[in-house]
1. Given the conditions (1) at pLDDT 90 or above; (2) touching a Ser or Thr at 6+ places or on another chain (Cβ under 9 Å), which single one is not true for ASN8?
2. Is it true that SER90 is at pLDDT 75 or above and in a helix (DSSP H, G or I)?
3. Can you find a residue that is assigned to a helix (DSSP H, G or I), at pLDDT 85 or above, surrounded by 12 or more Cβ atoms within 10 Å (Cβ to Cβ) and β-branched (Val, Ile, Thr) anywhere in the stretch 67-82?
4. Cβ contacts < 9 Å: first residue exposed (fewer than 10 other Cβ atoms within 10 Å of the Cβ), restricted to the stretch 90-110; second residue modelled with pLDDT under 70 and not hydrophobic (A, V, I, L, M, F, W, C), any location; separation 6+ or different chain. Result?
5. State whether one or more residues within the stretch 38-53 are farther than 16 Å from PHE2 by Cα and modelled with pLDDT under 75.
6. Pairs, please: C-beta under 7 Å, at least 6 apart or cross-chain, first residue over 14 Å from VAL31 (Cα atoms) and in the stretch 62-89, second among the aliphatic types (A, V, I, L, M) and modelled with pLDDT of 75 or more?
Amino acid sequence: MFDTDHNNNIDGKEFQQLAFQLGEALTNEEVTEAIKQIDKNQDGVITFDEFYDWWSSAEHPDVRDDTERAKQLRVLKMKLRSQSYMRAVSRLVEKVNQKAAAQELGEYNF
């Protein structure tokens, strides 16, 4: 979804686009800093595992970091989590609705 060139990594341009789609306009400098924080092996790109570790982790190790960049990353993570949660809820509602429709048609038995 975020890996637009399908090379199994998120580069700076893709990360900047991801942030923009979530309403966060990051400068090139802010993207570089964000990648440095997420990119564990410091190869300049974010792998799926690195992204997942960041996305699923508790807050940044120093939540007292009150810099604008740290705040932006926390907001971005929150938005990503919210979006993921909403997709999961939507899929669940869709399944429930499909099940109810099938039951009404007599096509579903427990």
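The values are calculated or read from the model by the stated rules, or taken from the named source; none is laboratory data. Worth saying up front: this structure is predicted, and the values here are computed from it rather than measured. Backbone-built Cβ (ideal geometry, glycine too); neighbour counts: all protein chains shown.
1. Among (1) at pLDDT 90 or above; (2) touching a Ser or Thr at 6+ places or on another chain (Cβ under 9 Å), the lone unmet condition for ASN8 is (1).
2. When the stated conditions are applied, SER90 does not pass them.
3. Scanning the stretch 67-82 turns up no residue that is assigned to a helix (DSSP H, G or I), at pLDDT 85 or above, surrounded by 12 or more Cβ atoms within 10 Å (Cβ to Cβ) and β-branched (Val, Ile, Thr).
4. Partner pairs satisfying both residue conditions: none exist.
5. no
6. If the second residue must be among the aliphatic types (A, V, I, L, M) and modelled with pLDDT of 75 or more, the pairs left are LYS79/LEU22; LEU80/LEU22.
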